[in-house]
Each structure stands twice: as structure tokens, then as C-alpha cells.
1. How many of the residues making up the stretch C:20-33 are at the interface with chain G (Cβ under 7 Å from one of its Cβ atoms) and under 28 Å from D:I7 (Cα atoms)?
2. Only one of (1) more than 26 Å from C:A113 (Cα to Cα); (2) buried (at least 24 other Cβ atoms within 10 Å of the Cβ); (3) within 7 Å of chain A (Cβ to nearest Cβ) is not met by E:T43, so which one is it?
3. Of the residues that sit in the stretch B:133-160 and are closer than 18 Å to B:V88 by Cα and within 12 Å of chain E (Cβ to nearest Cβ), which one is nearest to the chain's Cα centre (by Cα)?
4. Any idea how many residues of the stretch A:1-47 are outside any helix (DSSP H, G or I) and polar (S, T, N, Q)?
5. Determine if the stretch G:360-373 includes at least one residue that is within 21 Å of G:G306 (Cα to Cα) and in contact with a helix residue (DSSP H, G or I) (Cβ under 8 Å, 6 or more places away or on another chain).
6. B:L119 - would you say it is closer than 20 Å to E:I78 by Cα, at pLDDT below 85, among the aliphatic types (A, V, I, L, M) and out of contact with any Cys (no Cβ under 6 Å at 6 or more places or on another chain)?
7. Taking the stretch F:4-19 as the search range and keeping residues that are facing chain D (nearest Cβ under 9 Å) and either in contact with a Ser or Thr (Cβ under 6 Å, 6 or more places away or on another chain) or touching a residue at least 40 places away in the same chain (Cβ under 8 Å) (or both), which one is farthest from C:T19 (Cα to Cα)?
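The values are calculated or read from the model by the stated rules, or taken from the named source; none is laboratory data. The shown structure was predicted, so the numbers you read here are calculated from the model rather than taken from an experiment. Note that each Cβ is placed from the backbone with ideal geometry, even for glycine, and that neighbours are counted across all protein chains shown.
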Amino acid sequence: MTTIIYIALILMAFGMLLSFIRFVKGPNTADRTVALDTLTTIGTAALVLLGYMFHRYIYVDVALIYAVLGFIGVIVIARYLEGAL
Amino acid sequence: MKQLTLKEKAERFIINWVFLMLVWLMFTKTFFWQEVVVGAVTTMLISLASVPLFTCCTIKIFSPVRIFWIFYYFWVFLAALIMANFDVARRVLTPSLPINPGIVKFKTKLKTPFAKMVLANSITLTPGTLSVDIIGDTFYIHWIDVKTTDPDKAFKDIAEPFEKVLLKIF
Amino acid sequence: MKKILIILLLAGLGFYIATTYTGIGFGEPHFKHGVKDTYLKQTVQSLHVANTVTAIVVNFRGFDTLGEVTVLFLAVTALGSILYKKRHEVGVRSVLFSSSSIVTAGSKLLFPAIILLGAYVFIHGHLTPGGGFQGGVIIATGFLLMLLAYRNYSVSHIILSIVESIAGITFAGIGLLGLIYGETFLQNFLPVGVLNNVFSGGIIPIIYIAVGFKVAAELTGVIYTILHEKGESNG
Amino acid sequence: MIYFILILFLMILMIAAAIYSVYQKDLMYATIGTGIVSLALSILFYLLQAPDVALTEAAIGAALTTIIFVIAIRNTIRYEGDD
Amino acid sequence: MSAMEIIGAILLLIGSAFLFLGGLGIYRMPDTYNRLQAGTKATTLGAMSLILGVGFLEPSWMIKTLIIIIFIAYSNPISSHALARANYKRKHFPLILHGDVKEMDAYREVTEKEENKEEKK
Amino acid sequence: MDNALFDLLDYAVYGTAILVMLIGIYGALAKKSLLKIVIGLSVSDSGLNMLIVAIGYLKGGTAPIFSPGYLDGTNKLMVDPVPQALVLTAIVIGFGVTAVALALVIRLYRHHGTLNIDEIKNLKW
Amino acid sequence: MVGTPVLFIAIPLLAAFLIPLLGMIWKELVRIVPGLVLIYLLILAVNLLDHVMVHGPIIEIIAGWAPPIGINLVFSAFSGFLVTIMIFLGLLIWLYSYRFKKNVGYEPAKKYFLLLMMLITGSVGIVLTGDIFNMFVFIEITGISAYGLTAFYTGRDSAEASFKYLMLGSIASTFLLLAIMIIYSQLGTLNMADIANRIHTMNPTYKIISLIFFITALGIEAEIFPLNGWAPDAYSEAPGPVGAAFAGIVVKASVYAIIRYIFTIFDVDGAFNFLIIIGMLTLIIAEMAAIRQEKLKRMLAYSSIGQMGLVLVAFGFGTEEGVYAALFLMLNHAIIKSLLFFSGSYLVYNSKDKLIAEMNGLGKKLPITSFLFALGAFAIIGLPPFAGFWSKLSVLTAAADKNMIFIMSLILFVSLIELVYYLRVVNRLYNSKEKASSIEVKKPTANALITMLVLGGLILLIGFYPDVVTGVLHKASAALMDKSQYIHNVLSINQ
């Protein structure tokens, strides 16, 4: 079981790394924001998995909040790019 | 914003309350009386305050037929989602990146904004498509592998299975 | 030249701090007779609160929290004073045009859920992670979503300031009630209930709910003020 | 072991994002960089067994800091001048 | 290992694999829209499956994990749609590999119409 | 193996926190753009907060929350709650200061039409 | 006893939260309520001080937890004395700035009085609290109010001054938190008395490092020499009365904090000598800078920095006479510098570009204001019949007691510099030819005049009968020096 969690975490870390590279390279703002969005989603999943690793149910609340608020952060940047602000 | 009649208000309030109460119960994961009382009061206040906003659906949503269709929709959607992911995985993992991107458009028969939103979200999560904009009832879809640029054919390929079910729900 | 100087200065400072803190050691108990053990013990024994951090923030060191709420309140006031303009442009929009119907319809449904999430976070502040600040921030973020998505969504300034004032008065007033019914400021004067129930911890949940309302109103005020700040140079 | 790798990875991510957001001339990119710093920091708080703080950092860093920076950029200029 | 745990472990692996693929897709795809496609779909399913896997591993967490899944499935497409639209409004047109640009990019007519309207003003 | 790695971690956690803090302060001191200065301050705040939380960490400890699941468990070691409570305060205060700073930046831009501190006479140093 | 020390914090906070509501009922209330609060607090402070003089310090615990666990407030003779000065000064500033400008609208007025009240409350909190992290919170309250007040006038360069202040303030709070965490990680407590009780078990290196961080952080607010870059700008750009508030209240609170750390908490050798050196440096450099200033308010700002240097020197003697002299200096500085700022802001108001060179002949147009300014100038230099004389004399005696002849001569030399630049202004006011200007002179309002007259009267009163304050000052300095009594008082409270 632990092995599986380890593999999962390492895969997610690689996913984060690749998104981060895209964030550094991304030619324009939207690309970077996509990278941020992906990082947030992977981070949310990672938070749930880590909560399982620590065996604390209450830790999951943090993931819940990230799932909701990360989205609003992206909307903010999208609205700025649209020129609506 | 048009003036709401009392009946509409009450309808919205009840849907909203039920919906939020469900969310609350999922948050707290318990039927302990204190939690339920606090939750009922909180959700009631919030749904009272958000009556002018809440327009997802009418009270008919609670009829058993519709609930059945909602579940049906869920399975259709899930299948499409899994398909979508294997599709993306195939594209990403193939070294030559087999893509032929473009934007196509089609029209939908759905009326309420909420139904359109559900359709757009479903499209975004299904194979190779991403909804870029909705203007009126025209959808503009970014398609990773454009097979046709004709609106009707595109509609058949992308949205038909969802729309059929959604028309029954809303 | 200046940059090199700054880097050298910071390198020196960093070395200094780093040696200090690595000497302190990571992950080991640093001291023997700290207050932390008392906190951990008293939280369960006399306050019947599950979350020790909440107990510290609201009860043991509740005075800090009063100050912190005040800092936010002052930040809003200072923000308004710095960006003050005569409000002759009443009909000014928060955003220039509405978002696409997907975002508007989506945020309409999500908005009550976000508010409920915020309320959940601050009502359960003494049982789970989170509390007044976090819940307030989440609620303010919900308002931010609505302000961003809709062109003509507006929040009443008067209601915001009334909510803010009443919440603040509740906090300070509960403190003073503690002085009257108990013996000291902010002292708990309510029954503490059973551990891990919603109704437990005496005044702690009440204060956290007040803090939640206050923070929500304040941050919504910040967002509202700053969204309506249309720079004269940039249209 | 995995704990160690993860914490190290997140710390490197955080440092990289911090350096990026301090060095980047385009302030919008720098703002998104602070968002990543905040995400990494939040997960690190989580790993350091501080869910309360992680929650606060998530709530403040995800949307609120971004919006105030974005509006400041909107009201001023987006690019840092040559220096 | 009980059946629940096996299901959970499989879901966990699938989820993390898709999260990784999401990252890879974002890294490899040539333009913003394709990146959004890869990023949204793969990470959404990845996160959903992984979180559901955790729910299977620890059945008492199931309800909480379900609500996280609902939030993710609801909000992720909206944000990627908003980004795609914003990016188009910024005049970053999608990459067209084959065929006529006018035909393959149906959305351009809308933006052109808007531009004309602004010019008339 | 694990122990050696944890030894390295001793230095890595504090080191990262201090490094991030110094990067932020460097940005605040060396950069010319006012907004960049504020970004630097907010980054340095992040590093500082991490440093404070790291002080309260105990190896093998868990969060100081006595939730029902915890009370059944066997692990009774808890990390120090006090730094966490202090950091909560510090984060909120930092946010307030950042908001005020950005408001000042907006006003400075309105007066001077530039964000470069070399062109704003009193801020040159 | 009519109340407890916690009311000093609770009542202004309650009022601050109430003011937006009251403003909706009657707009004038936002101006009146802060004054009423300050009057109440002054009565409370005087009563408590009276009680403390007889019965010994009051230790107030908060939230029902005895000191090492909870937060406590200490109202001893020393802190009570400072609190009383601060609130008295705050009340005068409120009175002076009531309708300071006629055309100020409702919203700015509300914000101004709110921020001013919270500035005073924050400073009072810094002085009263017995907990180092709580002190950090109050420093931030003071700081944010100060940023808001500095940037109060739109359309001037005030935003720059405020931004500079904010930058330094943020760095200061970083250092402060670092220092607090070093102490916490070593001792596991945040209560001052508990720390002082166990400081000897701490590793000396950490002790010195955290003390350095503390002094760096607090030195920024206290205008110690290399860190006072914000002060001249902030003083000259903020509204006139706010300059008095900074000089009289904020700086006092920060100096108090430094003194509390050095005298009570840390027992580091050499800290006193360090204080003397840093104080002398601050004093000399600030006075040298003051003589070159062309704007009146900047000159007053540098003079104020120099006075604070002198206060630090006096504290640095480490003897009871030194502390007595320092407290006397702080009291005098509070009233005299406020008078100078109050009258100076009318002088500035009537001169172009705030330049000293433009003040020719204002003595005839504004007779009372100019006279009071001259009075303040003579008093702060330390000329015999005024209040400043006694404080300077006591500093010199304290130095003589420790056989520090060099320091004495330096202080005298610096007084000479002060004499030069203050006389320059007074000379301009009276002995120059009036320029033909058609600009109408702005006369001080009635309440401003009352304020200034009260301060002038106080200067003369203390000048002729120093005994009215010396008794309190002796008690206060004794209270600061008695460290073990402080620790005992705080830690022996059991609930």
C-alpha cells in the first residue's frame, strides 16, 4: 500500500515539475495561468492523499478550500486578460 | 431584473435550501442534532439571502423521472470523461503529437443559461473539445482534432448525446 | 554596484540568521518548561475545544486576535483614506462588461455554496482547521467572484459597514461581558459543553463567528474599494 | 523517505517560484509566481502538520492576493522598466 | 487487502498517472488551447480518480471526497473556458495546422464583428 | 538512511525559509519598480511564516487538534500549537499591510505617472 | 479604583467599531466621540496612576489565565506615567485638530479621527502589554494608523513618505518576528516576566542575536540613527498635528519598548554602553542635519530625533538618576515638541513651500503663535526659566555621577547647535523685515489657540515649579529599575 502511495506522489511531483517548467517557459500570460491552474489541481489531489497518509480526516478541509478558491484565482486573471477589469 | 412573484421566490428558496442542506450534510458527514440544527439555520439564512440569484432549475427537478435522467446523464458523462482522458493520453504520449486543432461552431436547442453551462462544461470535459464561448445559442468549440467544420455534423459529433439527456432534465 | 552591496549585506544577514536557526534544530523539542504543554492540556480539560490553535487564538491569546481584527479594520480605513475620491461617479461599474454566460451561470450556482463553505469553516472553527479569518476570507472571495462575473453586481457599502461594526462590537462586547460576569476581560462565562460538539467551548465559537462576519465584511470592503479604483491615467 | 523527497521538491519549487517572481520583468507573471509560492507554501505547511495555517495561506494566497496585485497592475503599468 | 483497498489503490494509480499526463500534456502541447485541453481533462479526471481512490481506501471519508470531486468537476471546466475566452480576446489565435484559417477558426468572425463595432464608435 | 536524510532536512527547511525571505528582501531593496518592491515584501513574508511554523514542528508529531479520529489513535505526540497561532496573526497582518502598500503604489502612480523609484524624488536612496 | 487597565484598549476599540455606525446617525459624532473617549481615558489614567503611586502596580490578566499562559497588562508607575502623558497629549492633539481645516468632508474626517484614536491606542498598548507577541500586534496597529495618517493629504508628496515608512516598518516587523521566535524557541514562553525570569538559562549567543534584532526592529520606529530615514519625510508630509503625535506618542512607545527589553528582559553586558554610543551618534548626527534644513518641519523632525538620542543616552547611564533624567526628558519633549509642532504648523501654513526663509516677519501677523513658538524653542534648548532646563540639568548630573566628562561636554556642545538653529527661526520671526505679501494670514482657530496656551502654561509651570512632576518621576524610575519586583509581581498572580 505504501509503495502505491509513494509511486502516486512521485508521479504527481513530476506532473508539478512539468507544469512548473511550462510556467517558466510559457510564452504568454494564459500559458502561465494554465500552469498555475494545473498546479493547483495537482496540489489539491496531493493534499487529499497526504491527508490519507497522515490518517487525519480533518486535513481534507484544506483540499476542499483549495479546490474552490484556486478556481477564483484563475478567473481573476482571465478577467484581467479579457480587459474587463 | 424582473420582479419575482411570491410563488417563484418560495420555489427557489426551497430548492436552494434543500440543495444547500445537502451540501452541509456532506460537509459535516453526520446527523447529530446540533449539527443539523446549526446547518438548517445557516442554510436557511443563506438561501433567503440568495433568492434573487438562484436560478438553476425549477421545483420540477425533484420529480423522480428527472432524477432518473440526472443519474443517466451522470453515467453518460462519466463514460465520455474516461474516453476523453484516454484520448488525451494517447495524444500526449505519441511522440509526433497527432493533432489538428481548430474552432468549430454549432447551435443548441437548450434554453436556460444553466443548462447551457452544464452542456458547455460537459463538452469541455469530453474528448478533444473545449468550449471557448457561448453567444446566444451558438457554441464555439475548440477541437483538438477537427473532423468537420460543418455545424450540424460537429453538433452530432460533439454534443448530441448530452443534449438529448439535458433536454429531458431541464 | 548597489546590487552587489545589497547581496553582500543580505548574505551576511542570511548567514547570521541561518547559523542561529540551524543551531536551534529542526523537529526536536527545544525547551522543557514551555507554555505549550499547558495549552494542550487545558484546551481539552477546561475549555472542551478540539482545536488547540483555535483555543490559543481566541481564548488564551484572544487579545492578539482583537488586535489583529483591529489591524484589518484599520487597513480598510487607511485604504479608503489613501484612495479617497469624492464619490460623484455613483454609477461606476466594478467591471467593464459581464463575463460569458458560462461563468455567470456557474458563479450563480457556486456563490451560495462558497458562502456556505465559509460559514462551515467558521462555525466549525473550534473542531476542524479553520476559523473566523479563513471563513471570512472565503466569503469575501465568494463576493469577489460575483463582482468579477457580473457587470452590475453591487454590494451595499452601508450594510457592509453595519455588519462590520456590529461584529466588532460583539467581539469587544463579549470581552467586556467577561469582565462583568467573570473577572477578567475575554473570560469565558458560558458553559463549555461536550468535546467535539458544535455547541462547545463557551464563548469561543461565538467570537469566531463574529470574527468571521467582520473579516468577511472588511475584505469585501477592500475588494470593493480597490475594484472601483479606476486609475485616471488608464481609463 | 517520501516525506523527505516531497518536502525537498516543494521547497525547490518554492525557491524557484520566488526567484522567478522577483526577477521577472513582467509584473503579471511575477504575480502568478507569487501564487505558486503560496501554493507550495500551503502544501509545506500541511506537511509541517499545520493545517490551520495551510488553510489560511490557501484562502489568502489563492485569490485575494492575486486580485489586489492584479488591480494594482491594472491601475499602473504592467512592465517593470529597465534597470 | 480487501476489495475496497484494491479498488482504491487502482484508482490512486490511475489518478496519479493522469495527473502526470496532465503535466506532460501542458509541457508538450504547442499552443495555449491545446494545453488547456490537456491540462483540464487530464488533471480533472486524475484528481477525481485519485480523490475517489482515497475515499475507497478510507470509506468514512467518502462523502467529503465526493464533495471535493463535485467542486473540482464543476469549477475546472469553467476556469479553463474563461481562460480560453480571455486568451482569444487578447488576440492569441489558435494554432491551425491544416486547412483554411477562416474555415477552421469559426470564432474569428465574432471577434472581427466586435472590432468593427468598436471602430464605428 | 532515513536518519541521514532527516539530518539534511534540519538544514534544508530553515535554509529554504531563510532563503525565500532573503530573496524577498533582496527584491524589495534592489528592484526599482514599486510594485516589485511590494511583491518582494509579500514573498519575504511567506518565508518568514514558514520559518515560524518550522520552529513549532516536532518529528512524528501531528496537528494539535483533538478530533474524534485522533483520540482513538495511538500517536499522541503533537506539534507546538503556539507558533501556528502566531503565524495566523502574522499572515493576516501581512495581508493588511500589503493592501495598504498597494493602495499607496496606486496613488504614487497617479501623481507621478511612473513606478520607477529613481524618478520619484523622495524615494531615491 | 474606577476601572482596570484593559479599558485603555477595550474602550477605544469599542468606540472605533461604533464610530461608523454613529456617523450614520449624526455626522458630527465622528469628531466628538474620539474626544470623549480620550477624556474618559485621561480620567481613568490619572485615577489609576494615583492608585498605583500608593498601592503598587496593577497587573491585569486577560481571559482568565495567569501570566505565563495568558496575556497580561502591567500598569506600574513607570508605564502608567507614560500612558498618562500619551493620553493627555492625544487629547490635546484631538482638541487642536478639531476643525483643523474647515473644508474637510465627512469621510476624511471620520477616517482621520479614527486613525488618530487608534494611533494613540496602539501606543498605549505597546506600553501596557506584558507579552512580546502582543507588543508586535500593537506595533502593527500603530504602524498601519501611522501609514494612513501620513498619506492623509492627497495631492502632496505624502504618499512617498508613507511608502517609505511602510517599507521600513515591514522590514522592522520581519526582524521583530525573527527575534520573538528565537526567544520562543529557546524558552517556550512569550510572557515578558517569565522570559526575564528564565533568561539566564538561555544560550548567550542567541540572547545577543535576538537583542540585536529587537533593537533593529524597534529602532526604526524609535528613530535611532541609521534607521530613521523615514522620519523627516513623514513629519513634514503628515498633517501638522500628526507630527506632534509621532514625536510625542509613537516614538515614546518605541523607546519604551527598547528600554523594557534592555532593562527588564535581557541581562546582556554592554547593552548600556551600546545605548550610550547609539544615542550619542543619533544625537550628534541628527542635530548636524537639523542645522542644514531649510524647511521648518524637517528641522523639527531632526531635532526630535536628536532629543530621542539624548533620551537613549540618559537611559544608557543605567542608574536611577539616569532613568529619572530620561523620563523627565521624555515628558518635556512630549509637551515642548508638541507645542513647537502645533505653532509651527501655523507658521508653515503661512509661508511658501514650508521654507524657514519665507517666514519673515510673521511675528507681527501671528503674535501669539509666534510667541509660543519662541517659548517652545527656548524651552527645548534648555534655557533656565523653562521646563527644558531641569531635564537637561538632570541629564548632566546623571552623567557627572558616572564621571562621563566627555559625554557631558558633547551634550553641551550639541545644545549650542540647537541654540543656533532655533534662534535662526526666532530671529526670522521677529527681526526681519516683513515682505510685502497680499496673501491673507491664516489665524489659528480658538481650540488650537487654547491647546497651545495650555502647553505653554505647562512649560512655564514645570519650569518654575518642577516639584509637580518630580515625585511621580522618581517613583516611575524606581519602578523601572526594580526588575525582580516586576517579575515577582507578574508571576505571583494566581487566579
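1. Within the stretch C:20-33, the subset at the interface with chain G (Cβ under 7 Å from one of its Cβ atoms) is C:20, C:24, C:30-31, C:33.
In the following step, the residues that additionally are under 28 Å from D:I7 (Cα atoms) were identified as C:20, C:24, C:30-31.
Summing the residues that are at the interface with chain G (Cβ under 7 Å from one of its Cβ atoms) and under 28 Å from D:I7 (Cα atoms) in the stretch C:20-33 gives 4.
2. Of everything listed in (1) more than 26 Å from C:A113 (Cα to Cα); (2) buried (at least 24 other Cβ atoms within 10 Å of the Cβ); (3) within 7 Å of chain A (Cβ to nearest Cβ), E:T43 misses just condition (1).
3. It comes out as B:I141.
4. First, pick out the residues of the stretch A:1-47 that are outside any helix (DSSP H, G or I): A:1, A:26-28.
Going one step further and asking which of them are polar (S, T, N, Q), we end up with A:28.
Residues meeting the conditions: 1.
5. The answer is yes; a qualifying residue exists.
6. Details: closer than 20 Å to E:I78 by Cα: yes; at pLDDT below 85: no; among the aliphatic types (A, V, I, L, M): yes; out of contact with any Cys (no Cβ under 6 Å at 6 or more places or on another chain): yes.
Considered against the rule, which asks whether it is closer than 20 Å to E:I78 by Cα, at pLDDT below 85, among the aliphatic types (A, V, I, L, M) and out of contact with any Cys (no Cβ under 6 Å at 6 or more places or on another chain), B:L119 comes out as no.
7. In the first step, residues of the stretch F:4-19 are kept if they are facing chain D (nearest Cβ under 9 Å); the result is F:5-6, F:8-9, F:12-13, F:15-17, F:19.
Still in the list and also either in contact with a Ser or Thr (Cβ under 6 Å, 6 or more places away or on another chain) or touching a residue at least 40 places away in the same chain (Cβ under 8 Å) (or both): F:6, F:13.
On the way: F:F6: 18, F:V13: 13 Å.
Here the answer is F:F6.
Here's the yes/no breakdown for (1) acidic (D, E); (2) more than 24 Å from C:L186 (Cα to Cα); (3) touching a strand residue (DSSP E or B) at 6+ places or on another chain (Cβ under 6 Å):
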residue: G:V30; (1), (2), (3): no, yes, no
residue: G:N47; (1), (2), (3): no, no, no
residue: G:H55; (1), (2), (3): no, yes, no
residue: G:A63; (1), (2), (3): no, no, no
residue: G:P68; (1), (2), (3): no, no, yes
